[in-house]
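> Submitted below is the structure of interest, expressed as structure tokens.
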Amino acid sequence: MKFSLRDLNVWFGSVHALTDVTMDIPANEILGVIGPANSGKSTFLRTLNRLNELKPNFRMTGDVRLSGADINKTDVDLLRKKVGMVFALPLPLPLSVFDNVAYGPKMHGVRTKKRQKEIVERALKEAYLWDEVKDRLDTPASKLSGGQQQRLCMARTLAVEPEVILFDEPCSGLDPISTAKIEDTMLRLKANYTLVLVTNNVHQASRVADKTAFFLSGRLIELDDTDKIFTAPSDKRTEDYIGGRFG
Amino acid sequence: MRNPRRTEKIAFFFLFLATALIVLPVGLIVVSIVRKGLPAISWQFLTDIPREGMRGGGILPAIVGTLYLVLGAIVFALPIGLFAAIYLSEYAKDNVLTRIIKLAIVNLAGVPSVVYGLFGLALFVVFFRFGASILSGSLTLGIMVLPIIITASREALESVPQAFREVSLSLGASKWQTIRHVVLPNGISGILTGTILGLGRAAGETAPILFTVAAFYHPQLPRSIFDQAMALPYHLYVISTQVPNVGDKMRYGTALVLLGLVLIMNSVALVVRFRFRKRHRW
């Protein structure tokens, strides 16, 4: 198991965002996370790399372990190095293509230009972006198309060599072709990484996820093999959500 | 009958009028100072000490004094102001105390400059025994511009999108690395804007230097930071009100030099800001 969560509860002030979430996330699989807006999907995701802590009134109880180690007792910078994240909107830093990908390694002490170049090339190849940008690594990242920017963000995450990559609705602003490229990349990354994909698009979960979790009002309703969730869910609410009857 | 197009035209006219009303007086001031002051500007005026009871000669000691004072004030206020702004924007918890501190700093920017002068006199001149010196004057001016620098820098840092911070942190960068490599480079132009405003204010104020450094007549260049010094705004005050029969030329010439000095310092900051912007394209 990559991640083990036991009785996770999260509050923001008086809002109880996640209630009694218990689940395991196996390594080298894609876990899809679906659910309507405000169901706690993103909060769940941001628990895994402790990004919730940036909100001042955040509070959590329960036990979350990465490879057996309590994440709250792990050094937070080290945890985030191991657990990368790709955000909903493509968010390149206002730097060049090269410097965006090299940002993480630089922060972790990779000083020589030669080593940086190797890492950037490998990461861009892993994100299937290398061929499109290899001649313009010095252009501002904002000049790339939306889909390219999102794959750049993936490369930036990959450059830090994480174990887990969290995707927070990574295709919400993208056209179908860019979406297909991102999904294709995720499927190939599965061999070396553990992926968690939060998505508003249930079809996306059915296309790429090995297992799918359904959240509703901060509770984990059902977690099972994707095939089973989409063909014979055991909970009526899962069936209703997937069938488009609410949410 | 309401006509949206006509409404827009009227609104546009009044907005333009308001802008013109701001530009016009500034323009008039600059034009009249340049017109009356330009004849006074000569090599001797810029490089000589005052002579004939300040009715002739040059104003070099005052120029040098003002440069020292402004430089000293910025050297003192910029680092402290920037660090305070970083703390308030990035580290301080958003609670009642922090809000009171922020409000207090904003209000400090509105405290009359003569109050800072008295404060400087009591603290630096008397208590620390720095005497009336460039050091006392610089520190007093520095304290006066601190709130301007802190407020502008804090607003600049807070306007950097939270998403950039999240991206940097999510890559395993530490909080300080995030501030150093993401937040500061993107907030630098606002910080420099605050510094420009502070520079201009420090160069032009008379009251804070009145009791802390300014010499009525001190026709030599300062040799150490414990020396008294002349300064342009105070010199202008002196030759305008305290010394009889000083020619218009001298007074407007001094004003023009002060104006030019502030303009030059501002353009330096503008150039720096422009270069930072070019390096950090969105």
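> Which whole-number percent gives the relative contact order of chain A, counting Cα pairs below 8 Å spaced six or more residues apart? Working shown, then result.
Details: 474 pairs, mean separation 70.4, N = 247.
It comes to 29 percent, rounded to a whole number.
> Determine the shielding of peptide B:172-181 by partner chains: average, over its residues, the number of Cβ atoms on other chains within 10 angstrom of each Cβ.
Working: counts 18, 9, 5, 3, 0, 5, 1, 0, 1, 6.
Average per residue, whole number: 5.
> Straight-line reach from B:Lys93: which aspartates and glutamates have Cα under 19 Å away, leaving out those fewer than 8 places along the same chain?
Here the aspartates and glutamates satisfying the reach criterion relative to B:Lys93 are A:Glu53, B:Glu155, B:Glu158, B:Glu166.
> Here's another thing I want to ask about it. Keeping every protein chain in place, order A:Glu118, A:Glu169, A:Glu222 by accessible area at 1.4 Å, biggest value first, i.e. largest first.
Values: A:Glu118 85, A:Glu169 35, A:Glu222 10 Å².
In descending accessible area the options line up as A:Glu118, A:Glu169, A:Glu222.
> A:Lys236: which lysines have alpha carbons under 16 Å from its alpha carbon, excluding same-chain residues fewer than 8 sequence positions away?
Cross-link targets: A:Lys228.
> Using only protein heavy atoms and a 1.4 Å probe, report how much of A:Asp75 is accessible, in Å² to the nearest 10.
Roll a 1.4 Å probe over it and A:Asp75 shows about 90 Å².
> Setting aside same-chain residues fewer than 8 positions from A:Lys143, which lysines have a Cα under 30 Å from its Cα?
Candidates past the 8-residue exclusion: A:Lys81, A:Lys82, A:Lys106, A:Lys113, A:Lys114, A:Lys117, A:Lys125, A:Lys134, A:Lys181, A:Lys190, B:Lys175, B:Lys278.
> Among A:Ile165, A:Ile30, A:Ile182, determine the one that fluctuates most according to a GNM of chain A built with springs between C-alpha atoms less than 10 Å apart.
For chain A, modelled as a Gaussian network with Cα springs under 10 Å, the answer is A:Ile182.
> Report the convex hull volume per residue for segment B:124-228, counting only C-alpha atoms, in Å³.
128 Å³
> Based on the Cβ-Cβ distance from A:Glu239 to A:Glu132, what FRET efficiency comes out when R0 is 51 Å, to the nearest 0.05? Intermediate values should be presented prior to the final figure.
Working: r = 41 Å, r/R0 = 0.80.
It comes to 0.80.
> Also, I was wondering about something else. Dipole size in debye (nearest 20) for chain B around its Cα centre, Lys and Arg Cβ +1, Asp and Glu Cβ -1?
Working: 26 positive and 11 negative charges, 184 e Å.
With Lys and Arg at +1 and Asp and Glu at -1, about 880 debye.
> If I stretch the segment between B:Leu17 and B:Ser240 completely, what's the gain in nm (0.36 nm per residue apart, minus their alpha carbon distance), one decimal? Write out the running numbers ahead of the final one.
On the way: separation 223, 0.36 × 223 = 80.28 nm, distance 3.41 nm.
That pair, B:Leu17 and B:Ser240, stretches by 76.9 nm at full extension.
> Could you state how much accessible area A:His16 has, in square angstrom rounded to the nearest 10, with a 1.4 Å probe and all protein chains kept in place?
Roughly 80 Å² of A:His16 is accessible to a 1.4 Å probe.
> Along the positive direction of the dipole of the protein assembly as shown (beta-carbon charges: Lys, Arg +1; Asp, Glu -1; about the Cα centre), which of A:Gln148, A:Val10, B:Leu210 reaches farthest?
So the residue furthest toward the plus end is B:Leu210.
> To the nearest 10 degrees, how steep is helix B:184-204 against the longest Cα principal axis of chain B, on a 0 to 90 scale?
The angle comes out at about 20 degrees.
> So if R0 is 25 Å, what FRET efficiency would B:Ala92 and B:Leu270 give, r being the distance between their Cβ atoms, rounded to the nearest 0.05? Please report the intermediate quantities before stating the final value.
On the way: r = 31 Å, r/R0 = 1.22.
The formula returns an efficiency of 0.25 here.
> Tell me, what ³J(HN,Hα) does each residue in segment A:192-203 have, in order and in whole Hz, if you take phi through Karplus 6.51 cos²θ - 1.76 cosθ + 1.60 with θ = phi - 60° and put x for Gly and Pro?
Running phi through 6.51 cos²θ - 1.76 cosθ + 1.60 with θ = phi - 60° gives 10, 10, 9, 10, 10, 10, 8, 9, 8, 9, 4, 5 Hz.
> Among residues other than B:Asn266 whose Cβ falls under 12 Å from its Cβ, what is the net charge (Lys/Arg +1, Asp/Glu -1)? Mind showing how you got there, number by number?
Details: positive: B:Arg201, B:Arg273; negative: none.
Combined, the nearby Lys, Arg, Asp and Glu give +2.
> Here's another thing I want to ask about it. Would you mind telling me which residue in B:Ser136, B:Ser159, B:Ser89 has the biggest mean-square fluctuation in a Gaussian network model of chain B, where springs connect alpha carbons within a distance under 10 angstrom?
The residue that fluctuates most here is B:Ser159.
> Please give the calculated 222 nm ellipticity per residue for chain A, where each DSSP H segment of at least 4 residues contributes -39500 (n - 2.57) and the sum is spread over every residue; nearest 500 deg cm²/dmol? Walk me through the numbers on the way to the answer.
Values: 10 runs with 91 residues, N = 247.
So the calculated ellipticity at 222 nm is -10500 deg cm²/dmol.
> Collect residues whose amide H, placed 1.01 Å from N in the peptide plane, falls under 5 Å from the amide H of B:Gly56; neighbours closer than 5 in sequence don't count.
Residues meeting the amide H criterion: B:Arg51.
> Quote the convex hull volume per residue of segment A:60-200, based on C-alpha atoms, as a whole number of Å³.
Details: hull volume 17.0 nm³, N = 141.
About 121 Å³ per residue, rounded to a whole number.
> Moving on. Which value, to two decimals, describes the C-alpha radius of gyration of chain B once divided by 2.2 N^0.38 Å? It would help to have the intermediate numbers written out before the result.
Working: Rg = 22.5 Å, N = 282, 2.2 N^0.38 = 18.8 Å.
My calculation over the Cα atoms of chain B gives 1.20.
> Please give the total accessible area that chains B and A bury against each other, computed with a 1.4 Å probe and expressed in Å² to the nearest 100. List each step's numbers first, then the result.
Details: alone 16200 and 11450 Å², together 25680 Å².
About 2000 Å² of accessible surface is lost on pairing.
> Modelled label-to-label distance, B:Gln44 and A:Asp227, 7 Å Cα→beta-carbon offset: nm?
10.2 nm
> Still on this structure, I have one more. Taking the Cβ-Cβ separation of A:Arg188 and B:Val31 as r and a Förster radius of 45 Å, what is the calculated FRET efficiency to the nearest 0.05? Walk me through the numbers before you get to the answer.
Working: r = 69 Å, r/R0 = 1.54.
It comes out at approximately 0.05.
> Assign one of three labels to segment A:17-71, namely rounded, prolate or oblate, based on the Cα gyration tensor with a ≥ b ≥ c the square roots of its eigenvalues; rounded applies when a/c is under 1.5, prolate when it is not and a/b is larger than b/c, and oblate otherwise.
oblate
> In addition: With a 1.4 Å probe and every protein chain left in place, tell me how much accessible area B:Leu103 has, in Å² to the nearest 10.
Probe radius 1.4 Å; accessible area of B:Leu103 about 110 Å².
> Comparing B:Val70, B:Val34, B:Val213, which has the greatest mean-square fluctuation in the GNM of chain B with Cα pairs linked when under 10 Å apart?
Checking each option, the largest mean-square fluctuation is seen for B:Val34.
> Right, something else. Could you sort A:Val15, B:Val243 by accessible area so the largest value comes first, with the probe set to 1.4 Å?
Values: A:Val15 90, B:Val243 20 Å².
In descending accessible area the options line up as A:Val15, B:Val243.
> Also, I was wondering about something else. For A:Ile221, which sequence-distant residues (separation of 5 or more, or a different chain) have an amide H within less than 5 Å of its own amide H, given hydrogens modelled in the peptide plane?
A:Phe214, A:Phe215, A:Leu216
The values are calculated or read from the model by the stated rules, or taken from the named source; none is laboratory data. Because the structure is predicted, anything quoted here is derived from the model rather than measured. Positions of Cβ are backbone-derived with ideal geometry, glycine not excepted, and every protein chain shown enters the neighbour counts. Heads up: the accessible areas ignore ligands, DNA and RNA and are worked out on the full protein's heavy atoms, side chains in. Shrake-Rupley method; radii C 1.70, N 1.55, O 1.52, S 1.80 Å.
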